[in-house]
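Worksheet: the structure to be examined is printed underneath.
The values are calculated or read from the model by the stated rules, or taken from the named source; none is laboratory data. Remember, predicted model here, so these are calculated numbers, not experimental data. Counting neighbours? That spans all protein chains shown, and the Cβs are built from the backbone with ideal geometry, glycine included. These accessible areas exclude ligands, DNA and RNA; they are computed on the full protein's heavy atoms, side chains included. Shrake-Rupley method; radii C 1.70, N 1.55, O 1.52, S 1.80 Å.
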Amino acid sequence: MSIERDLREQMSTLCASLYQRGFSVGTAGNVSARLPDGILMTPTNATLGGIDPDKISKLDLNGEHVSGDRPTKEVFLHQAFYDTRPEAGAVVHLHSTWATALSCLEDTDPDDCVPPLTPYVVMRVGRVKLVPYVKPGDPKSGDLIRDLNGAYGAVLLANHGPVVSGKDLFSAGCAAEELEETAKLLVALRGQKTRLLSNADVMDLKATFGNM
Ligand SMILES: O=C(CO)COP(=O)(O)O
Ligand SMILES: [Zn+2]
């Protein structure tokens, strides 16, 4: 099977799994994966529960739509991650409940939305930036990601939801799920005395596991 065909199948399977487990509803969210000759993206106004591998949109290295259905309106967001993070092989955007809740809370630290509560959010997600609200599909969303200069692999779009990159579809999917579960923990622990991992713990995890 070709690399592209394999990625198309993986993307359809990942999207269906995210949808079936409630990480996405309706037509919310979009997923992309980088190829040597372009980017595969889920079509706009498509439910992640029914992504047909043959209808997945393909853009060339110049961002031109070359095949498949019309791509997600968040093309700019995905392209900005690939342009600023050479290690990014895939990007997952969701409206998952708890990460979106975190994006709406006024006291969320914009430079570090998710403190090191557990080892896996450090290992899988890393620091998360809060990106100011722009309406879905606004090219400005890409500019806001480019302004980060690749410093963050994951962001929360204010009042909208998470966007998480990873070295491949599996890693980006795991990171998006880990972010959602950690956001749920954060909301559940609000107002309570909470112990965080120490800086030494965080450094040790990064040294041991690197970029998962
Ligand atoms: O989540 C979404 C926009 O932010 C979904 O839009 P698309 O259907 O265009 O991918
Ligand atoms: Zn969205």
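For region 30-93 versus region 137-212, the inter-centroid distance based on Cα atoms is 20 Å. Given +1 at the Cβ of Lys and Arg, -1 at the Cβ of Asp and Glu and no other charges, the dipole of region 1-66 around its Cα centre is 240 debye to the nearest 20.
Here the chain is assigned +1 on the Cβ of each Lys and Arg and -1 on the Cβ of each Asp and Glu. Its dipole about the Cα centre then comes out at about 320 debye.
In the chain, the calculated helix contribution to ellipticity at 222 nm averages -11500 deg cm²/dmol per residue, counting -39,500 (n - 2.57) for every DSSP H run with n ≥ 4. Using C-alpha pairs below 8 Å separated by at least 6 residues, the relative contact order for the chain is 21 percent. For region 98-212, the Cβ-based charge dipole about the Cα centre amounts to some 60 debye (Lys, Arg positive; Asp, Glu negative; other atoms uncharged). Listed cross-link partners K58/K167; K184/K206; K58/K184; K129/K193; K140/K206; K55/K167 are compared with a 25 Å cut-off, the Cα-Cα value being larger for K58/K184; K140/K206. For T118, T27, the ranking by accessible surface with the largest value first comes to T27, T118, using a 1.4 Å probe. Amide H contacts of V25: H95, each under 5 Å away and 5 or more positions distant or on a separate chain (H built 1.01 Å from N in the peptide plane; Pro and chain starts excluded). Projecting the Cα positions of V155, V66, V31 onto the charge dipole of the chain (unit charges on Cβ atoms of Lys, Arg, Asp and Glu, taken about the Cα centre) puts V155 furthest along the positive direction.
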